[in-house]
Amino acid sequence: HSPCEQALVLLYEFRHACATPLHVLRQISEHMALEMQAGLDQPGGSQLTMLPTFIEKLPNGSEEGLFYALDLGGTNFRVLRCLLGGPEARVVKQEHEEVPIPRQLMLGTSEELFDFIAMRLITFMQREGPEFHRGCNLNDQQIRELGLTFSFPIRQTSINTGILIQWTKGFKITDGVGKDVVTMLQSAMDRQKGWPQIRVAVLINDTVGTLAGGHYWNDDVMIGMILGAGANACYVEGNLPNDIQTKSGKMVVNMELGGFWSSHLPRTDIDEQLDNESVNPGDAAFEKLIGGMYLGEIVRRLLLKMAQEARLFGGVTLTKLKQPFILVTPEMSKMHADDSPDLIVVGKVLRDVFDIGQTELPVRRIVHIVCDTVTKRSARLAAAGIVGILKKIGRDGWSDEVGVSGTLKPLRRNSERTARPELKRTIVAMDGSLYEHYNRFRIYMQAAVHELLSEAAARKLVIELSKDGSGVGASILAACHSERK
Ligand code: ADP
Ligand code: MG
């Protein structure tokens with residue numbers, strides 16, 4: 001058999017193991033809704049940690065004044081100020097700055113990290129121009145209020161306090177775990193002395209910022225989701241367990257969606273190897289199938305297998321192909337987007353990334369299908385996740401809300417129901433570069449959402465790109481929870 005024929009056998013096996021037919025997606029979304037309830041009922045009751053955020057009030061457009069946001073949780077951190085003008089003027093003016101975090105600070109102490117952040121925040125605040133004072137009588141001496149977006153796992157104890165559970169994403173900081181994040185920032189600000197002072201009004205993660213940023217414009221926004229390097233979502237829960245009491249009976253819950261695990265997930269040998277060799281084996285199962293951080297790596301692993309077992313790329317040296325994470329998802333999506341008859345872009349990426357110089361068209365076709373397979377699975381699983389959330393809040397058009405009992409009531413079609421209120425519109429505020437920039441991912445995801453939902457529910461669901469909504473969202477949430485006036 002030719003290398004291509006042998007590689008095709010591996011490809012068919014892989015596609016089979018990756019398959020996400022409708023009935024599997026249905027099982028996954030149903031399992032998701034049940035796991036959400038289990039996680040709510042009991043800490044540790046599910047791989048979905050379902051963290052309470054203490055946010056029960058979301059912005060509605062009436063917020064006014066000057067507020068700050070600080071966003072930490074990636075290789076850059078962002079500082080932002082935003083002047084809100086109320087229901088008519090809305091976001092009058094905003095300004096932000098992105099600051100890369102020096103590598104050595106990611107491997108140092110928490111004090112060094114927060115000192116750096118405080119210093120940059122203060123520098124940014126000192127450049128606050130008079131145009132940000134329009135309509136709000138703030139003077140230089142007054143405390144500025146801030147929304148802190150901190151996208152590491154934290155156990156929140158109030159709306160603006162939370163204990164760091166773990167440093168992740170390449171941060172190997174020697175201390176800080178077990179400490180309140182807001183106190184760490186506040187102490188660093190105090191060490192800088194002098195103007196300006198801040199009060200952290202809210203401590204949130206990026207999905208909550210995205211939800212709030214969307215809700216500011218439209219109160220049908222019920223879900224905030226981020227599909228970027230990882231995958232996470234939060235939503236408005238109206239069926240809270242007894243030990244969480246809020247005035248409205250509602251609270252935003254951070255699902256830590258990436259941790260979802262189900263035996264229905266279509267995992268392959270390659271996913272298992274990737275997981276075993278990862279820094280957190282056994283964790284973040286869902287994220288490892290979906291997140292932008294992993295898609296290119298899954299492709300690389302399959303291509304390496306095809307090279308080794310089927311000699312797909314002939315006698316070329318495999319040094320590059322053997323290097324973990326060398327194929328990043330943006331490059332993979334470039335190959336996938338290639339619709340030239342000769343797959344020229346696929347050839348170019350293989351050359352640039354893996355040093356695989358000459359490839360025949362059938363080889364490039366196989367590579368293209370590999371990209372398609374990995375992304376299709378990712379997108380369809382993300383869709384099942386969204387539908388799982390809709391199911392949990394009774395907005396998928398098939399099931400009633402999952403109650404505190406934790407069981408789904410039997411499925412009934414909308415048409416069989418009598419005297420039920422009409423299904424409400426639900427908007428998902430979506431952020432993240434994977435969703436934003438990977439077109440075929442987005443198309444597959446939307447198609448799967450439509451397959452999964454009843455027609456009525458599909459018509460009521462809107463997925464809205466809320467670009468960088470989380471930064472502005474954090475400052476608006478600070479406004480919403482301001483102690484000023
Ligand atoms: P983060 O998740 O760290 O907040 P982003 O939302 O920007 O950051 O997401 C970054 C991830 O998005 C990267 O892991 C990358 O794989 C993916 N990504 C960025 N650009 C593209 C692209 N053009 N096509 C596909 N994926 C992309
Ligand atoms: Mg982000």
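So which residues in segment 260-300 are without any contact (Cβ under 8 Å) to a residue 24 or more places away in the chain, away from ligand 1 (no atom under 16 Å from the Cβ) and among the small types (Gly, Ala, Ser), if there are any at all?
Across segment 260-300, the qualifying residues are 263, 282.
I want to confirm something. Restricting to segment 164-177 and keeping residues that are more than 16 Å from ligand 2 (Cβ to nearest atom) and within 15 Å of residue 114 (Cβ to Cβ), which single residue is surrounded by the fewest Cβ atoms within 10 Å (Cβ to Cβ)?
Step one: list which residues in segment 164-177 are more than 16 Å from ligand 2 (Cβ to nearest atom), which gives 164-167, 172-177.
Applying the additional criterion that residues be within 15 Å of residue 114 (Cβ to Cβ) yields 164, 167, 173-177.
On the way: 164: 20, 167: 18, 173: 19, 174: 11, 175: 13, 176: 20, 177: 14.
Checking each candidate, the answer is 174.
Would you list the helices (runs of 4 or more DSSP H) that sit entirely within segment 426-481 and hold 3 or more residues that are within 21 Å of residue 90 (Cα to Cα) and more than 18 Å from the chain's Cα centre (by Cα)?
Values: elements: 433-437, 439-452, 455-460, 469-480.
Counting at least 3 such residues, we get 469-480.
Restricting segment 71-85 to residues that are in contact (Cβ under 8 Å) with a residue 60 or more places away in the chain and away from ligand 1 (no atom under 16 Å from the Cβ), which is surrounded by the fewest Cβ atoms within 10 Å (Cβ to Cβ)? Lay out the reasoning, then the answer.
Our first condition is that a residue be in contact (Cβ under 8 Å) with a residue 60 or more places away in the chain; within segment 71-85, this holds for 71-75, 78, 80-82, 84.
Pick out the ones that are also away from ligand 1 (no atom under 16 Å from the Cβ) and you get 81-82, 84.
Working: 81: 22, 82: 26, 84: 27.
Here the answer is 81.
Conditions tested, residue by residue: (1) touching a Cys at 6+ places or on another chain (Cβ under 9 Å); (2) modelled with pLDDT under 95; (3) polar (S, T, N, Q); (4) within 16 Å of ligand 2 (Cβ to nearest atom).
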| position | (1), (2), (3), (4) |
| --- | --- |
| 49 | no, yes, yes, no |
| 66 | yes, no, no, no |
| 69 | yes, no, no, yes |
| 77 | no, yes, no, yes |
| 80 | no, no, no, yes |
| 104 | no, yes, yes, no |
| 140 | no, yes, no, no |
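Here are some residues: 112, 64. Which one is surrounded by fewer than 18 Cβ atoms within 10 Å (Cβ to Cβ), farther than 26 Å from residue 255 by Cβ and not hydrophobic (A, V, I, L, M, F, W, C)? Write out each step before concluding.
On the way: 64 fails: surrounded by fewer than 18 Cβ atoms within 10 Å (Cβ to Cβ).
Only one candidate qualifies: 112.
With the checklist (1) surrounded by 15 or more Cβ atoms within 10 Å (Cβ to Cβ); (2) without any contact (Cβ under 8 Å) to a residue 40 or more places away in the chain in hand, flag the one item residue 18 doesn't pass.
Only one criterion is unmet by residue 18, namely (2).
Conditions (1) among the polar types (S, T, N, Q); (2) surrounded by fewer than 16 Cβ atoms within 10 Å (Cβ to Cβ), marked per residue:
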site	(1), (2)
40	no, no
43	no, yes
49	yes, no
52	no, no
69	no, no
87	no, yes
96	no, no
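Any idea how many residues of segment 223-244 are within 13 Å of ligand 2 (Cβ to nearest atom) and of a type in the set (S, T, N, Q)?
Final tally of qualifying residues: 1.
Scan (1) more than 16 Å from ligand 1 (Cβ to nearest atom); (2) among the small types (Gly, Ala, Ser); (3) at pLDDT 90 or above for the single condition residue 213 breaks and write down its number.
(1)
Let me spell it out: the conditions are (1) surrounded by fewer than 24 Cβ atoms within 10 Å (Cβ to Cβ); (2) farther than 22 Å from residue 35 by Cβ, and residue 292 meets all of them except one. Which number is the exception?
(1)
Evaluate segment 87-106: report whether one residue or more is in contact (Cβ under 8 Å) with a residue 12 or more places away in the chain, within 16 Å of ligand 1 (Cβ to nearest atom), closer than 30 Å to residue 237 by Cα and touching a strand residue (DSSP E or B) at 6+ places or on another chain (Cβ under 9 Å).
No; the residues of segment 87-106 include none that is in contact (Cβ under 8 Å) with a residue 12 or more places away in the chain, within 16 Å of ligand 1 (Cβ to nearest atom), closer than 30 Å to residue 237 by Cα and touching a strand residue (DSSP E or B) at 6+ places or on another chain (Cβ under 9 Å).
Looking at this structure, is residue 365 under 30 Å from residue 233 (Cα atoms), in the same structural domain as residue 15 (by TED's automatic domain parsing), among the charged types (D, E, K, R) and out of contact with any Gly (no Cβ under 7 Å at 6 or more places or on another chain)?
On the way: under 30 Å from residue 233 (Cα atoms): no; in the same structural domain as residue 15 (by TED's automatic domain parsing): yes; among the charged types (D, E, K, R): yes; out of contact with any Gly (no Cβ under 7 Å at 6 or more places or on another chain): yes.
No: the conditions fail for residue 365.
Can you give me the ranges of the helices (runs of 4 or more DSSP H) entirely in segment 15-106 with at least 2 residues that are touching a helix residue (DSSP H, G or I) at 6+ places or on another chain (Cβ under 9 Å)?
Numbers: elements: 22-41, 86-89, 103-106.
The qualifying helices (runs of 4 or more DSSP H) are 22-41, 103-106.
Yes/no matrix, rows are residues, columns are (1) crowded, with 24+ Cβ neighbours inside 10 Å; (2) aliphatic (A, V, I, L, M); (3) assigned to a helix (DSSP H, G or I):
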site	(1), (2), (3)
306	yes, yes, yes
314	no, no, no
335	yes, yes, yes
365	no, no, yes
373	no, no, yes
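In segment 359-394, which residues are farther than 28 Å from residue 36 by Cβ and in contact with a Cys (Cβ under 6 Å, 6 or more places away or on another chain)?
Restricting attention to segment 359-394, the residues satisfying the condition of being farther than 28 Å from residue 36 by Cβ are 359-373.
Within segment 359-394, 362, 373 meet the criteria.
The values are calculated or read from the model by the stated rules, or taken from the named source; none is laboratory data. None of these values were measured; they are calculated from a predicted model. Cβ atoms come from the backbone with ideal geometry, glycine included; neighbour counts cover every protein chain shown.
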